[in-house]
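Every number in this text was worked out from the coordinates using simple rules, so none of it is lab data. Keep in mind that what you see is a predicted model, and the values were worked out from it rather than measured. No Cβ is skipped: glycine too gets one built from the backbone with ideal geometry, and neighbour counts run over all protein chains shown.
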Amino acid sequence: MCHRLRSIITVEPVIFLFMTGIFLQTPAFQQLILTKVCQETYNDSICRNIQENKEEFKTVQSRGSYIMLIHIAIMSLLSILPALILGAWSDMGSRRVGMVLPCVFSVASGALYIVIYYVKNMNVYWTFASSALVGISGGHVSMFLSVFSYLADITESLNRTFRMGIAESMTFLGGTLGFLLSGTLLEHSTFTIVFGVYCGCNLLGALYVLIWLQESKPLNRYSRLYEEYIGGDESEERTISAKKSVATYIKNSFSTIVKKREGQNRQKILLILLCVFLINLCNVGDQTISLLFLTYPPRSFNNELYGWYTSSKMLISGICIICTFRWLLKHIRETWLANIGVTMRTISFLLMAFSTTKWMVFLSGIMHAPSGYSIAVLRSISSKIAYPNEQGAMFSIMASVETICLLFAAAIFNGIYPATLSTFPGMCFIIMATFQIITFVLIQWISEIPTELPKVIINEE
């Protein structure tokens, strides 16, 4: 019974806990930066009523936006190399390592946030040390590449898109709980409680992986994908060496996008990576500026209302995937389903850009619901193109692209938002909608390229 349960419930709880922590921490971290900036610039009387002092509020938001940009840049740049190494290494080593490391370093990061809050003499730039801690572990990049590589190992092609969709829904459900907790706790408690819960989520995630989650394959052997592509049973799997240089792991990761493949598979992978880049560019941009945008008049959200908005948006998206994804996969082509998600997200961004009332903001969140279809479909297609011995490398490249999005999104949207704050604050969302239209065209292009399953026998190392 326990073995059967372990085959059904695998990586879903760890990604739920990890994403709950991220979405709990994000608005709290942004508020901590704004609080620190205000305390360093103005006196306590102004900071207590900062929203009523429009010019001071604009100054705090502008400086805070640039600090968030640097924070994201540090975390992004530091996480790329660990992700590239870990992805290729996990094809021969353990997928679980890439899940445990981000959790452990996130606990250390949360503890540092608490210290920064308590020690008034520590200026806002100490938050960069916290971002560095997350970055050197690979952060969410390592988590995502490990989770989806794990699922690719244990699932068959026919069921893989659905399982990845369920894992993707855990991001939204974790976001629901995280944002709801963050808004409520920030409004009624302190940063200590918020970051303490953040540490707790990551600690539970690490313990879950260590105690419950089994390896997806024997160490130093290929996964069950070997049988799917090559034939044979598990006893025929070839033993391989995990002892390689760092340069070799990086080379193996990059080779997944440059090597020759059957038919037009290489072109398809490159188009998928471009789509992933544009989708996540908008994801990060939305998360980066939404708090600033919604707290600015005329919307004037407080922490609790912002928490309710973001949590309801995530909850609807998660429920949408769980309740509709499998049924739609039986009746609609995968790429069409991906474009439904892109189309609804475009509408959501346009509505948000012109929102002046709270009901318009919440309606935008409802329109956002099917957005999770797109990335789940793209991940599944890429896993079917990749060879059995490069699933981790493939997802490390994809996750690294997502990480680069952090840097580009911060540079674009944290730069544009302060510059357009006095004229049209919603300009960032117009740009996001434009990126989604481009993504729609690219996915349509992908749908017209036939996928040819790999036929090359895996070489022993």
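Rounded to the nearest 20 debye, the dipole magnitude of the range 92-172 is 140 debye, with +1 charges on Lys and Arg beta carbons, -1 on Asp and Glu beta carbons, and the Cα centre as origin. Mind checking the log10 I(q)/I(0) for the range 43-97 at q = 0.12, 0.22, 0.27 Å⁻¹? Debye, one equal scatterer per Cα, no solvent, two decimals. Computed log10 I(q)/I(0) values: -0.53, -0.85, -0.97.
Distance from the Cα centroid of the range 62-117 to that of the range 319-347 is 30 Å (rounded to whole angstrom).
When the chain is described by a simple charge dipole with +1 on each Lys and Arg Cβ and -1 on each Asp and Glu Cβ, the residue from V194, T356, Y125 located farthest towards its positive end is T356. Give the shape of the range 371-422 as rounded, prolate or oblate, defined through the alpha-carbon gyration tensor: a ≥ b ≥ c are the square roots of its eigenvalues, a/c under 1.5 means rounded, and otherwise the shape is prolate if a/b is larger than b/c and oblate if not. In terms of gyration-tensor shape, oblate. Kindly identify the range 71-195 as rounded, prolate or oblate by the Cα gyration tensor criterion: order the square roots of the eigenvalues as a ≥ b ≥ c, call it rounded if a/c is under 1.5, otherwise compare a/b with b/c, prolate if a/b is larger, else oblate. Cα axes put the range 71-195 in the oblate bin.
Positive end of the charge dipole of the chain (Lys, Arg +1 and Asp, Glu -1 on Cβ, about the Cα centre): tell me which of S94, S157, W212 has its Cα farthest that way. With unit charges placed on the Cβ atoms, the residue in question is S157. With the convex hull of the Cα atoms taken as the outline of the range 1-126, the averaged projected area works out to 10.5 nm². M122 sits among other residues whose Cβ lies under 15 Å from its own Cβ, and their net charge, with Lys and Arg +1 and Asp and Glu -1, is +1.
Nothing charged except the Cβ atoms of Lys and Arg (+1) and of Asp and Glu (-1): what's the magnitude of the dipole of the chain about its Cα centre? Round to the nearest 20 debye. Walk me through the intermediate numbers first.
Details: 34 positive and 28 negative charges, 52 e Å.
Here the size comes out at about 260 debye.
Quick one: helix 265-295 against the long Cα principal axis of the chain, what's the angle to the nearest 10°, folded into 0 to 90? Helix 265-295 sits at roughly 20 degrees to that axis.
Couplings 3J(HN,Hα) for the range 8-17, derived from phi with the Karplus relation 6.51 cos²θ - 1.76 cosθ + 1.60 (θ = phi - 60°), are 8, 9, 10, 8, 4, x, 5, 6, 4, 5 Hz, where x marks Gly and Pro. Taking only the C-alpha atoms of the chain, the Rg (one decimal) and the largest Cα-Cα distance, Dmax (whole number), read 21.8, 73 Å. Would you please classify the overall shape of the range 148-209 from the alpha carbon gyration tensor, given that a ≥ b ≥ c denote the square roots of the eigenvalues, rounded means a/c under 1.5, and beyond that prolate means a/b larger than b/c while oblate covers the rest? It comes out oblate by the Cα gyration axes. The angle between the Cα long axis of helix 358-367 and the longest principal axis of the Cα atoms of the chain comes to about 0 degrees, rounded to the nearest 10.
Between the C-alpha center of the range 271-289 and that of the range 368-399 there is a gap of 14 Å. Each of W308, I381, N252 was scored by the projection of its Cα onto the charge dipole of the chain, and the greatest displacement toward the positive side belongs to I381; charges sit on the C-beta of Lys, Arg, Asp and Glu. For Y296, the residues 5 or more places off, or on other chains, whose built amide H falls under 5 Å of its own are F301.
Per-residue Karplus couplings for the range 103-117, computed as 6.51 cos²θ - 1.76 cosθ + 1.60 with θ equal to phi - 60°, are listed in order as 5, 5, 5, 5, 4, 5, 5, x, 5, 5, 4, 5, 4, 4, 5 Hz, Gly and Pro entered as x.
Relative to the longest principal axis of the Cα atoms of the chain, helix 427-447 runs at roughly 10 degrees. Mean sequence separation of contacting Cα pairs (under 8 Å, at least six apart), scaled by the length of the range 1-126, corresponds to a relative contact order of 28 percent.
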